[in-house]
């Protein structure tokens, strides 16, 4: 049986003022509510290099 990859338990959403605790199966930095509202860090890095 293949082991399922999990993240650390108790991680919090990085969106300002959000108190959601992320699932161990959510490997993102943001909860499902804020995932589309957050600007990906890689996009910020690309914008700064221009």
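If r is the Cβ-Cβ distance from residue 37 to residue 4 and R0 is 35 Å, what FRET efficiency results, to the nearest 0.05? Please list the in-between numbers first.
Working: r = 27 Å, r/R0 = 0.78.
Calculated value: 0.80.
Roughly how many nanometres apart are two label points built 7 Å out from the Cα toward the Cβ at residue 25 and residue 12?
2.5 nm
FYI, it's all coordinate maths here, none of it is from the lab. What you are looking at is a predicted structure, and each value in this text was computed from that prediction instead of being measured. Glycine also receives a Cβ, built like all others from the backbone with ideal geometry; neighbour counts cover every protein chain displayed.
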